[in-house]
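Q: Pasting in a structure now, in structure tokens, and then I'll have a few things to ask.
The values are calculated or read from the model by the stated rules, or taken from the named source; none is laboratory data. For clarity, every value in this text was computed on a predicted model and none was experimentally measured. Quick reminder, even Gly has a Cβ in these numbers, built from the backbone with ideal geometry, and neighbours come from all protein chains shown. Accessible surface is based on the protein model in full, side chains and every heavy atom, while ligands, DNA and RNA are left aside. Shrake-Rupley method; radii C 1.70, N 1.55, O 1.52, S 1.80 Å.
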Amino acid sequence: MNELRTKILNYIEDNARVSASELSILIGEDEEAVEKEIALMEKENIISGYNTMINWDKVGVEKVTALIEVRVTPQRGMGFDNVAKMIYEYPEVDSVYLISGGFDLMVTIEGMTLKEVASFVSDKLSPMDSVLSTKTNFILKRYKDHRIIMTEEKEDEREMVSF
Amino acid sequence: MRDPVSKTIVDIKPSGIRKFFDIVATMKDAISLGVGEPDFDTPWRIRDEGIYSLTKGKTHYTSNTGLMELREAISDYLKRKYSLSYDAASEVMVTVGGSEAIDIALRAMLDTGDEVIIPQPSYVSYEPCTILAGGKPVFINLKEENCFRLTAKELEDAITEKTKILILPFPNNPTGAIMEREDIEAIARVVIEHDLFVLTDEIYSELTYKEEHVSIASLPGMKERTVYINGFSKAFAMTGWRLGYACAPSVILKQMLKIHQFAIMCAPVTSQHAAIEALRNCDAEVSSMKQEYDRRRRFLVHSFREMGLSCFEPFGAFYIFPSIKKFGMTSDDFATALLKEQKVAVVPGTAFGASGEGYVRISYAYSLKRLKEALVRIEAFLKDHEGA
């Protein structure tokens with residue numbers, strides 16, 4: 001990866017909303033070049049999207065997030081890709097990862113009630129041919145997400161002036 | 001009753017900008033760009049080591065020189081980072097911040113009347129520590145046209161028969177200036193020729209944004225005439241832990257140790273345990289903080305130039321030092337007016353020596369968000385005072 005891309009990605013990974021002109025100042029590069037490179041990386045799907053971290057707890061919106069461990073039988077010639085696709089195509093599914101260890105796929109579902117998650121698991125996920133078993137874990141509290149600590153806010157406690 | 005206080009101490013002038021600080025103290029709602037310490041908390045792994053040492057009951061004095069394991073870690077780190085070779089057993093001591101090291105180095109080396117060359121603007125303690133040690137401060141006024149670097153010519157001109165020590169404060173607080181290899185090579189030649197000693201305060205050495213920092217102690221013939229001072233405050237965001245160190249030939253270090261032993265005993269033990277982790281396992285944390293400072297530095301220099309404030313590009317520490325000469329105010333008046341009118345606190349350049357007149361120190365040890373808020377206010381202030 002070229003140096004410009006590294007610089008851009010390092011910064012925007014945590015600051016998606018920065019403008020091209022500000023970013024170019026921060027990393028000491030030409031604005032036009034930065035703009036072009038971002039557009040190119042969007043096109044190449046290197047930058048796949050921009051999300052917003054929302055602390056839903058703070059606005060009193062109840063959301064349920066479940067991490068579902070799924071054990072599956074890999075299919076001949078397809079490995080896990082086919083079953084993964086059958087799961088990720090559901091719009092309520094947030095993410096799907098192939099995992100090493102005691103189970104195969106980690107599926108996260110967000111934004112539904114407990115009941116909806118339960119019925120998704122029993123009606124859609126479990127009955128799939130290659131799915132052997134599932135284990136549903138509900139998130140109770142989000143302490144830190146994407147490097148952002150959600151549970152504390154800190155004041156600047158330093159002296160106003162020091163040498 | 002006799003005068004209860006020492007004449008020497010009374011004669012040490014209090015900071016010339018006392019008045020300014022009195023106002024700052026009353027304005028709690030001001031945005032401050034006045035601090036000389038990182039905004040980052042100490043990296044967790046360092047804090048965690050401190051806590052762990054406490055749970056193990058590591059609560060006692062250490063040897064006067066500091067934990068051997070820490071001195072070895074310092075020696076390894078300096079070798080790895082700056083190609084310096086100091087023997088952990090005889091040439092390294094752990095101090096209560098770099099500031100203690102400055103004080104005891106001067107006291108260990110000076111006799112009454114010895115002259116100490118202090119380039120200014122620079123950190124506030126060199127002058128009083130020199131005086132308390134019986135020395136005589138001789139100032140060099142660093143110039144913006146030289147990017148606030150010290151030149152061999154300026155040094156030559158300041159040397160007299162009584163000159164014993166040159167203080168070398170780079171990367172510099174408050175200007176953000178650095179000295180590159182050819183700059184310090186030129187200085188080293190003069191130092192050797194005139195048989196001087198160097199007290200090099202490299203507390204900001206991890207924070208340079210151009211070439212890798214070069215220490216004067218690494219140049220041929222310089223180790224034997226250098227006291228090297230560094231610490232954990234800036235590089236590892238450990239200001240409150242009060243931990244620094246000095247490295248010097250044992251003939252000097254032995255005398256420094258005497259003062260330290262009687263005045264201090266030893267540096268805080270918890271800090272020493274935490275510091276071992278800092279030196280050994282925190283390169284990633286240090287470089288990510290440095291990267292963040294660098295972005296803010298670019299942003300501020302750019303913004304100030306856009307506003308029409310003349311500002312040389314600093315390549316070290318976390319300060320910029322713009323010139324405010326065109327506003328026809330003293331640094332003190334400028335800072336006071338900015339504070340009163342727009343509630344932004346910056347430090348007048350004169351806090352760091354007379355040659356800081358015409359400049360203010362602005363710290364970028366603040367989040368970008370905070371800096372932007374302050375910039376809006378500063379811009380309004382500049383508009384109000386343009387053409388004054």
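Q: On alpha-carbon atoms, Rg over Rh for region A:56-142 using Kirkwood Rh? Display every interim value, and only then the final one.
A: Working: Rg = 13.4 Å, Rh = 13.5 Å.
Taking Rh as the inverse mean 1/r over Cα pairs, Rg/Rh reads 1.00.
Q: Using a basic spin-label model with each label point 7 Å from the Cα along Cα→Cβ, how many nm lie between residue B:8 and residue B:125?
A: 1.7 nm
Q: Here's a follow-up. Carbon and sulfur together cover what percent of the accessible area of region B:20-178 at a 1.4 Å probe radius?
A: 50 percent
Q: Can you tell me how much longer the chain between residue A:85 and residue A:17 gets when fully stretched, taken as 0.36 nm per residue apart minus their C-alpha distance, in nm with one decimal? It would help to have the intermediate numbers written out before the result.
A: Working: separation 68, 0.36 × 68 = 24.48 nm, distance 3.07 nm.
Here the segment from residue A:85 to residue A:17 would lengthen by 21.4 nm.
Q: Using a 10 Å cut-off on Cβ atoms, rank the peptides B:202-208, B:17-23 from the highest mean neighbour count down. Display every interim value, and only then the final one.
A: On the way: B:202-208: 23.7, B:17-23: 14.6.
In decreasing order of mean packing, B:202-208, B:17-23 become B:202-208, B:17-23.
Q: Work out how far the C-alpha atoms of region A:3-43 reach from end to end along every principal axis, then list the three figures in whole Å, largest first.
A: So the extents along the principal axes, rounded to whole Å, are 23, 21, 18.
Q: Also, I was wondering about something else. What percent do you get for the relative contact order of region B:178-297 when only Cα pairs under 8 Å and 6+ apart count? Walk me through the intermediate numbers first.
A: Values: 115 pairs, mean separation 24.8, N = 120.
Worked out over region B:178-297, it gives 21 percent.
Q: Give me the distance between the Cα centres of region B:278-322 and region A:52-104, rounded to whole Å.
A: Cα centres, region B:278-322 to region A:52-104: 41 Å.
Q: If I take all pairs of Cα atoms in region B:37-185, what percentage of them are more than 28 Å from each other?
A: 35 percent
Q: When 1/r is averaged over all different Cα pairs and the result inverted, which Kirkwood radius in Å belongs to chain B?
A: Roughly 21.6 Å, rounded to one decimal.
Q: Treating only the Cβ atoms of Lys and Arg (+1) and Asp and Glu (-1) as charged, compute the dipole magnitude of the protein assembly as shown about its Cα centre; round to the nearest 20 debye. Write out the running numbers ahead of the final one.
A: Working: 66 positive and 84 negative charges, 233 e Å.
In debye, rounded to 20, the protein assembly as shown gives about 1120.
Q: Nearest 100 Å² is fine: how much accessible area is buried between A and B, summed over both sides, with a 1.4 Å probe? Working shown, then result.
A: Details: alone 12280 and 16770 Å², together 27080 Å².
Buried surface at the A/B interface: approximately 2000 Å².
Q: Something else now. Okay, which of region B:256-284 sit inside 13 Å, backbone N to the point 7 Å along the Cα-Cβ direction of residue B:51?
A: From region B:256-284, the list is empty.
Q: Looking at region B:79-163, which trypsin sites (Lys or Arg not before Pro) are in a loop (DSSP not H, G, I, E or B) and have at most 14 other Cβ atoms within 10 Å?
A: Details: sites: B:79, B:80, B:81, B:107, B:143, B:149, B:153, B:162; in loops: B:143, B:149, B:162.
For trypsin sites (Lys or Arg not before Pro) across region B:79-163 that sit outside H, G, I, E and B with at most 14 neighbouring Cβ atoms in 10 Å, the list reads B:143, B:162.
Q: Name the residues whose placed amide hydrogens come within less than 5 Å of the amide hydrogen of residue B:136, ignoring near sequence neighbours (fewer than 5 apart) on the same chain.
A: B:113, B:114, B:115, B:116
Q: Considering only Cα-Cα distances, which of the following residue pairs are longer than 20 Å: A:58/B:369; B:223/B:254; B:210/B:234?
A: On the way: A:58/B:369 22 Å; B:223/B:254 16 Å; B:210/B:234 18 Å.
Those over the limit are A:58/B:369.
Q: Separate question: Using just the helices of chain B, give the 222 nm mean residue ellipticity in deg cm²/dmol: DSSP H runs with n ≥ 4 each add -39,500 (n - 2.57), and the total is spread over all residues, rounded to 500. Don't skip to the end; give the middle numbers.
A: Working: 13 runs with 162 residues, N = 388.
After summing the helix terms and dividing by residue count, I get -13000 deg cm²/dmol.
Q: Suppose we keep just the DSSP beta bridges with both residues in chain B; what percent of those would be antiparallel, to 5? Walk me through the numbers on the way to the answer.
A: Numbers: 14 of 33 bridges.
Roughly 40 percent of the DSSP beta bridges within chain B come out antiparallel.
Q: Could you give the radius of gyration (one decimal) and Dmax (whole number) of the Cα atoms in region B:16-65, in Å?
A: My reading of the Cα-based Rg and Dmax gives 18.6, 47 Å.
Q: Over chain B, give the accessible area per residue in Å² for a 1.4 Å probe, as an integer.
A: Working: 15900 Å² over 388 residues.
It amounts to 41 Å² per residue over chain B.
Q: Taking the C-alpha atoms of region B:59-281, how large are the radius of gyration and the largest Cα-Cα span, Dmax, in Å?
A: Taking only Cα atoms of region B:59-281, I get Rg and Dmax of 16.3, 51 Å.
Q: Now a separate question. Measuring from the lowest to the highest alpha carbon on each principal axis, how far does region B:265-339 reach, largest first, in angstroms?
A: For region B:265-339, the Cα spread along each principal axis is 51, 31, 18 Å.
Q: Nearest 5 is fine: what % of DSSP beta bridges in the protein assembly as shown come out antiparallel, could you say? Mind showing how you got there, number by number?
A: Working: 36 of 56 bridges.
Percentage antiparallel, nearest 5: 65.
Q: Let me ask you something else. At q = 0.06, 0.10 Å⁻¹, what log₁₀ I(q)/I(0) does the protein assembly as shown have when each alpha carbon counts as one equal point scatterer in the Debye sum?
A: The Cα Debye sum returns log10 ratios of -0.40, -0.94.
Q: Still on this structure, please answer the following. Pairs of Cα atoms under 8 Å, at least six residues apart: use those to get the relative contact order of chain B, whole percent. Each step should come with its number before you reach the end.
A: Working: 731 pairs, mean separation 94.0, N = 388.
Worked out over chain B, it gives 24 percent.
Q: Identify all lysines with a Cα-Cα distance to residue B:326 below 24 Å; exclude those on the same chain that are fewer than 8 residues away in sequence.
A: B:19, B:143, B:340, B:343, B:372, B:383
Q: Could you tell me which of rounded, prolate or oblate describes region B:200-302, using a ≥ b ≥ c as the square roots of the eigenvalues of the alpha-carbon gyration tensor, with rounded for a/c under 1.5 and, failing that, prolate when a/b is larger than b/c and oblate otherwise? Walk me through the intermediate numbers first.
A: Details: a/c = 2.46, a/b = 1.42, b/c = 1.73.
Oblate shape, in that a/c is at least 1.5 and b/c is the bigger or equal ratio.
Q: Using a 7 Å offset from the Cα along the Cα-to-Cβ direction at both residue B:160 and residue A:144, what is the distance between the two label points in nm, to one decimal?
A: It works out to 5.8 nm between the two label points.
Q: What chymotrypsin sites (Phe, Trp or Tyr not before Pro) does region B:100-146 have in DSSP loop regions with at most 14 other beta carbons within 10 Å?
A: Details: sites: B:123, B:126, B:139; in loops: B:123.
Filter output for region B:100-146: empty list.
Q: I need the semi-axes of the equivalent ellipsoid of region A:1-92: take the C-alpha gyration tensor, multiply each eigenvalue by 5, square-root it, list largest first in whole angstrom.
A: Working: eigenvalues 243, 102, 20 Å².
The three semi-axes for region A:1-92 are 35, 23, 10 Å.
Q: If you count the DSSP beta bridges with both ends in region B:59-281, what percent of them are antiparallel, to the nearest 5? Please list the in-between numbers first.
A: Values: 8 of 25 bridges.
Given both bridge residues lie in region B:59-281, the antiparallel proportion sits at roughly 30 percent.
Q: Residues with amide H under 5 Å of residue B:32's amide H, sequence separation 5 or more or different chain, H placed in the peptide plane at 1.01 Å from N; which?
A: B:345
Q: Need the list of lysines near residue A:124 for cross-linking: C-alpha distance under 26 angstrom, and skip anything on the same chain fewer than eight residues off.
A: A:63, A:85, A:115, A:135
Q: Could you work out the Rg to Rh ratio of region B:68-116, with Rh taken as the Kirkwood radius (inverse of the mean 1/r over all Cα pairs)? Numbers along the way, then the final one.
A: Details: Rg = 13.3 Å, Rh = 12.3 Å.
Checking Rg against Rh, the ratio lands at 1.08.
Q: Over region B:59-281, what relative contact order in percent results from Cα pairs under 8 Å that are six or more residues apart? Show your work: numbers first, answer last.
A: Numbers: 432 pairs, mean separation 63.6, N = 223.
It comes to 29 percent, rounded to a whole number.
Q: For chain A, list log₁₀ I(q)/I(0) at each q in 0.09, 0.17, 0.18 Å⁻¹, using the Debye formula over Cα point scatterers of equal strength and ignoring solvent, two decimals each.
A: Computed log10 I(q)/I(0) values: -0.49, -1.09, -1.12.
Q: What stretch of chain A, leaving out the sites themselves, is the longest with no GluC sites (Glu not before Pro) in a DSSP loop having at most 15 other Cβ atoms within 10 Å?
A: Numbers: sites that count: A:13, A:44, A:62, A:89, A:92, A:152, A:153, A:155, A:157, A:159.
With a cap of 15 other Cβ atoms within 10 Å, the longest stretch comes to A:93-151.
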